[in-house]
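Before any comments, here is the structure.
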Amino acid sequence: MRLDRLLCQHPKWSRRHVLGLLTQRQVAVNGVVAGNPTQEISAFDRVEAAGELIQAGRAAHYLMLYKPAGILSATEDPVHPTVMDLLPAELARELHIGGRLDRASTGLMLLTNDGQWSRRATDPDKRSPKVYRVTLAHPIHPDTEAVFAEGIHFPFEDITTSPAQLERLGECECRLTIYEGRYHQIKRMFGRFRNPVIALHRESMGAITLDPTLAPGQYRALTDEEVASV
Ligand code: URA
């Protein structure tokens with residue numbers, strides 16, 4: 001919501017009074033003087049004006065989790081354990097997932113209660129790189145780099161994937177960088193070569209890399225720098 005609209009919800013303040021407070025430097029957002037009436041305020045911002053607390057601001061949570069194989073990336077499921085079962089219940093209740101992984105896939109998952117942040121983290125238009133280590137059932141076809149660099153058309157969504165980079169690590173193993181997170185994207189990309197994916201591990205999303213000190217199932221809070229990178 002805009003800062004001026006939030007302040008105008010005060011039962012005793014007119015719009016004129018609110019604009020006066022802003023020009024008199026009597027409004028602070030997260031402890032910093034705010035003068036722009038159109039500044040966007042989220043539920044996580046603390047807003048004070050004329051010595052009154054207008055909005056305390058909810059605590060924002062940003063986590064990375066090492067998803068183990070066999071765990072669903074969903075908030076709840078009647079049958080399978082989910083990533084939320086790996087977190088304390090009172091924290092899990094608040095969080096949602098930023099960028100899913102298939103049940104058999106492992107690696108970096110982002111969890112937060114900040115919807116704007118997770119939308120930015122997963123927005124395909126941002127072309128943010130996601131890096132995966134991929135193990136295939138058969139040797140990687142010699143044309144794979146060229147076909148992935150061209151982009152692959154997915155008729156169901158009618159989109160063409162952004163050029164992806166493939167680094168060979170072995171006959172049946174590679175590191176693949178993609179720029180969207182479509183449903184089963186990597187499996188479908190290798191499906192063009194009839195080459196089933198047998199293991200898929202996400203190493204990074206944008207500037208956030210899975211912490212090498214985390215074991216499967218463990219999580220940690222993101223640093224301020226990691227949060228700000230999105
Ligand atoms: N692509 C897939 O096919 N599966 C994942 O889990 C992630 C990307």
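The values are calculated or read from the model by the stated rules, or taken from the named source; none is laboratory data. What you see is a predicted model, and the numbers here were worked out from it, not measured in a lab. Cβ: placed from backbone, ideal geometry, glycine included. Neighbour counts: every protein chain shown. Each accessible area value is taken on the protein alone, full model and side chains, heavy atoms only, with ligands, DNA and RNA left out. Shrake-Rupley method; radii C 1.70, N 1.55, O 1.52, S 1.80 Å.
Here are some notes:
- Conditions (1) of a type in the set (Val, Ile, Thr); (2) within 16 Å of the ligand (Cβ to nearest atom); (3) under 13 Å from the mean Cα position of the chain (by Cα); number of the one not met by Thr112: (2)
- The residue that is farthest from Ser204 (Cα to Cα), among those in the range 97-116 that are in a loop (DSSP other than H, G, I, E, B) and of a type in the set (S, T, N, Q), is Asn113.
- Close Cβ contacts (under 6 Å, 6 or more residues apart or on different chains) running from residues in the range 216-230 that are in a helix (DSSP H, G or I) to residues that are charged (D, E, K, R) and loosely packed, with under 13 Cβ neighbours inside 10 Å are absent.
- The one condition in (1) touching a strand residue (DSSP E or B) at 6+ places or on another chain (Cβ under 7 Å); (2) part of a helix (DSSP H, G or I); (3) within 16 Å of the ligand (Cβ to nearest atom) that Met189 fails to fulfil: (1)
- Looking only at the range 192-203, and only at residues there that are surrounded by fewer than 19 Cβ atoms within 10 Å (Cβ to Cβ) and farther than 24 Å from Ala215 by Cα, the one that is nearest to the ligand (Cβ to nearest atom): Pro196
- Residue selected from the range 71-96 under the condition open to solvent by less than 30 Å² (accessible area, probe 1.4 Å) and within 15 Å of the ligand (Cβ to nearest atom), by the criterion modelled with the lowest pLDDT: Ala74
- Taken together, Gly170, Gly115 contain a single residue that is surrounded by fewer than 16 Cβ atoms within 10 Å (Cβ to Cβ) and under 25 Å from Leu72 (Cα atoms), which is Gly115.
- Test: residue in the range 19-26 that is over 30 Å from Pro212 (Cα atoms) and touching a residue at least 24 places away in the same chain (Cβ under 8 Å): yes
- Thr106 falls short on exactly one of the conditions (1) open to solvent by 20 Å² or more (accessible area, probe 1.4 Å); (2) more than 12 Å from the ligand (Cβ to nearest atom), and that condition is (2).
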